[in-house]
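A short worksheet on the structure shown next.
Coordinate-derived values only; no laboratory data. None of these values were measured; they are calculated from a predicted model. Because the Cβ atoms are built from the backbone with ideal geometry, glycine has one as well, and the counts that use them run over all protein chains shown.
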Amino acid sequence: MKIEAKEKPKVKEKPGYKSIPIGGVIPKAGSSREYKTGDWRVRYPVIDKEKCINCLFCYIYCPEKCVVVKDGKVERVDLDYCKGCGICATECPKDAIEMKLE
Ligand code: SF4
Ligand code: SF4
């Protein structure tokens, strides 16, 4: 009985790093300012200045650095960049920050 050698299956070439489309290119320094990262926020922080003791925990913990401080006091939140994560509200020792629905 004659056994025919089977044709080797063609191995599909695996994609390499060169086939990955180019993305995340930062052509110039400071370009992140143009991306308003607050666009997709669901909740936004509202600071009750009556309760606030200006401990600046919210400023320190905010991952976006969008709590604006002037003369050692919290002035406002820059909503262009606030992502609404609520970390500031969680860390506030005086419950002075309320996360409100957009
Ligand atoms: S964490 Fe709360 S009490 Fe402290 S500065 Fe921010 S809002 Fe005010
Ligand atoms: S909700 Fe998040 S991103 Fe917005 S001010 Fe608070 S900590 Fe910063």
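Laid out as a table, the results:
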{"item": "Convex hull volume per residue for the chain, taking Cα atoms only, in Å³", "result": "202"}
{"item": "Estimated inter-spin distance, Glu91 and Ala29, nm [label 7 Å along Cα→Cβ]", "result": "2.7"}
{"item": "Charge dipole (debye, nearest 20) of the chain; +1 at Cβ of Lys and Arg, -1 at Cβ of Asp and Glu", "result": "780"}
{"item": "For the range 59-74, Karplus couplings with θ = phi - 60° (6.51, -1.76, 1.60), whole Hz, Gly/Pro x", "result": "5, 5, 7, 4, x, 9, 6, 9, 7, 8, 10, 9, 6, x, 10, 5"}
{"item": "Unit Cα scatterers, Debye sum, the range 5-56: log10 I(q)/I(0) for q = 0.29 Å⁻¹", "result": "-1.13"}
{"item": "Exposed trypsin sites (Lys or Arg not before Pro) absent: longest stretch of the chain, with sites in DSSP loops and at most 14 other Cβ within 10 Å deemed exposed", "result": "66-93"}
{"item": "Contact order relative to length of the range 37-101, as percent, for alpha carbon pairs under 8 angstrom and 6 or more apart", "result": "49"}
{"item": "Fluctuation leader among Ile47, Ile26, Ile87 - the chain, Gaussian network, Cα springs under 10 angstrom", "result": "Ile26"}
{"item": "GNM result for the chain, Cα springs below 10 Å: residue of Gly16, Gly38, Gly30 fluctuating most strongly", "result": "Gly16"}
{"item": "Of Val46, Tyr35, Leu101, farthest towards positive along the dipole that unit charges on Lys, Arg, Asp, Glu beta carbons give the chain", "result": "Tyr35"}
